[in-house]
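For reference, the structure is listed below as structure tokens.
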């Protein structure tokens with residue numbers, strides 16, 4: 001059985017996970033002032049992520065700022081990622097139930113595997129490429145709030161803006177505090 005180890009919670013605005021740029025910027029400014037557990041949410045850090053999607057895996061490259069990708073700097077992380085989507089019917093996470101059932105949140109659950117580049121097969125059947133500029137807030141060790149602007153190679157003239165949490169899940173953890181923090185932040189920015 002494949003185990004759950006990675007969850008993304010995309011916030012919906014007007015029933016869509018892509019948000020208009022003006023509202024995206026307003027929410028980003030507002031988020032910097034949010035308090036969680038009587039502390040400010042923290043400083044954000046920037047990343048640029050370039051992904052090439054193949055049939056069974058994703059070639060993933062992460063750069064430490066928005067300009068490093070454009071200036072041909074070396075990636076700070078490069079790997080092969082396999083994201084196996086999981087069926088909600090077979091997974092119960094009581095702590096996250098209220099978030100999962102929230103109509104203003106799209107939840108995606110995965111078994112995520114990071115593999116070394118040495119297993120990269122020789123193939124040229126890449127079906128899509130993404131360039132993502134992400135501003136991330138670290139909420140807890142395993143929980144991040146992300147403000148993402150993505151551009152797809154198949155639609156080079158369009159940019160999509162997303163606000164989402166990524167959570168590195170383990171059933172050995174007490175996730176109640178993490179769930180409460182996610183719900184609290186959602187209520188403050190939606």
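Coordinate-derived values only; no laboratory data. Just so you know, these numbers come straight off a predicted model, no measurement behind them. Don't worry about glycine lacking a Cβ; one is built from the backbone with ideal geometry, like all the others, and counts go over all protein chains shown.
Just a few scattered comments:
- Available extension along the chain between residue 106 and residue 152 is 14.5 nm, counting 0.36 nm per residue and deducting the alpha carbon span.
- A value for semi-axes √(5λ) of the Cα gyration tensor in Å was derived from the coordinates, and within the list (i) 69, 15, 13; (ii) 31, 22, 13; (iii) 27, 22, 16 it appears as (iii).
- The stretch 46-136 shape via C-alpha gyration tensor axes, a/c threshold 1.5: oblate
- Taking other C-beta atoms within 10 angstrom as a stand-in for reagent exposure, 184, 87 fall in the order 87, 184, fewest first.
- Note on residue 76 and residue 172: their simple-model spin labels are 2.7 nm apart, each label 7 Å out from Cα toward Cβ.
- Of 33, 129, 138, the one that fluctuates the most in a GNM where the chain has Cα springs shorter than 10 Å: 33
- Residue 126/residue 89 FRET efficiency (R0 30 Å; Cβ-Cβ; nearest 0.05): 0.40
- FRET efficiency, 1/(1 + (r/R0)^6) with R0 41 Å, evaluated for residue 28 and residue 56 via beta carbons: 0.75
- Antiparallel %, DSSP beta bridges [both residues in the chain], to 5: 100
- Packing around the peptides 59-65, 152-158, taken as the average count of other Cβ atoms within 10 Å per residue, puts them in this order, highest first: 59-65, 152-158.
- Residue-averaged 222 nm ellipticity for the chain, from DSSP H runs of 4+ at -39500 (n - 2.57), nearest 500: -5000 deg cm²/dmol
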